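Data first, discussion second: the structure below is written as C-alpha cells.
Only the coordinates and a few stated rules stand behind these numbers; no lab work does. Keep in mind that this is a model prediction, so the values were computed, not measured. Every residue, glycine as well, gets a Cβ built from its backbone with ideal geometry; the counts of neighbours run over all protein chains shown.
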Amino acid sequence: MKVETRLILGDCREKLKEIPDNFIDLIFTSPPYADSRSNTYGGIKPDEYVEWFLPISRELLRVLKPTGTFILNIKEKVVNGERHTYVIELILEMRKQGWLWTEEFIWHKKNSYPGKWPNRFRDAWERLLQFNKQKHFHMYQEEVMVPMGSWAEKRLKNLSHTDLVRDNSRVGSGFGKRVANWIGRNKVYPTNVLHLATETKNRNHSAVFPEDLPEWFIKLFTREGDWVLDPFMGSGTTNRVAQRMGRNSIGIEILPEYFALSQQSLQPVLEIPKQMVLLEEKGSYDAPHSE
Ligand SMILES: C[S@@+](CC[C@H](N)C(=O)[O-])C[C@H]1O[C@@H](n2cnc3c(N)ncnc32)[C@H](O)[C@@H]1O
C-alpha cells in the first residue's frame, strides 16, 4: 500500500488553511506549553494561551471529518504557587466553538524524575483531552485491548455473589458490570489511564513524546489509509508512527531545525507491503490494574 506523509514548514495558524474541509481522521498534538520553554521555541504566556489557541482550534474543527477525533496533550503549569486555569478555560471556550469535550485520558509517566517541592509532589501525569465534532465518531476499541493481568485470574477465581449477577452502579448512573462475563477471556478493554515511560529515542528535540503515545490513539481512532494531522509536529513523532502504521499524515512545524529532523526520518511517499503493516511494533502499554 502507498502511504503519503506531507511535512509543512511554517506557522500552523497560516498553514492549516491549506488543508481541505472535513479531510482529517485524527488530530494528535502536543502544543507548546505556556511560557515554560520560552527559551526553546517561544512559549505563550499562560494568560494569553486561550486567545492564542482558539483560532487554531477553529481551523482544526474545520479540517476534521465529522467522524474524526482530536486528541490534545496538554498540562497546566504552576504560576505563583497555584495551577493556572488556562486548560480549563480552553475547554470551555472550545465547547462554545462547537467542539464536544468527549473524554479525558491520563498519561501516567511511569519514570518521572524524582524531586522535592515545598507544597506539591512531583508531577507524573499529563492530560490527553479528547474532542469530537459529534457524538458518533469512529472508535476501534478491539485494537487496543490488553492482556488480562494475573490480578484478573485471581479475581475471577474468587467470585462473590454480586460478581455473578449484574452489579448496578451505586451512584444510580444506570451503568453496571457483571464480572463473571470476563471468565475465559484473555483480553480486556483498557482504562482511560495510560501507563507509559517518558523515554524516547529522539534526544534532539526538548519536548518529544514517546512513540507509544500516538500509536495507541492512532490504533484506537484510525484505520490504514486514514489521515492523521499533527499541527505542532516537533521532531515528527506522530508522523513517524503514522507512517509505519500505514496511515497518511500531515505535520506542520514552525522551526526549521525541528522540521529538518522530521524530514530526515520520513519519506513523502512510501510503499509498504501489506504484511509489514500487520506486523507493526507492539506498544508497551501496561495491563490495567485492579479496580
Ligand atoms: C511540544 S513540541 C511537540 C513535540 C512533538 N510531539 C515531538 O514528539 O517531537 C511543540 C512544537 O510546536 C512547534 N510550534 C510552536 N508554535 C508553532 C506554530 N505556530 N506552528 C507550528 N509549529 C509550532 C514548536 O517549535 C515545537 O517543536
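So what's the gap between the Cα centers of the stretch 72-124 and the stretch 205-273, to the nearest angstrom?
Cα centres, the stretch 72-124 to the stretch 205-273: 24 Å.
Within 10 Å of each candidate Cβ there may be at most 15 other Cβ atoms; applying that plus a DSSP loop requirement, which chymotrypsin sites (Phe, Trp or Tyr not before Pro) in the stretch 107-158 survive?
121, 140
By counting other Cβ atoms within 10 Å of each Cβ, how are 233, 148 ranked from fewest to most? Mind dumping the intermediate values first?
Numbers: 233 29, 148 17.
Final ranking by Cβ density, sparse to dense: 148, 233.
7 Å from Cα along Cα→Cβ at both residue 224 and residue 140: what's the point-to-point distance in nm?
So the two model labels end up 0.9 nm from each other.
Would you mind checking which residues have amide H under 5 Å from residue 227's amide H? H placed 1.01 Å from N; only 5 or more apart, or other chain.
The list, which skips near neighbours in sequence, is 25, 26.
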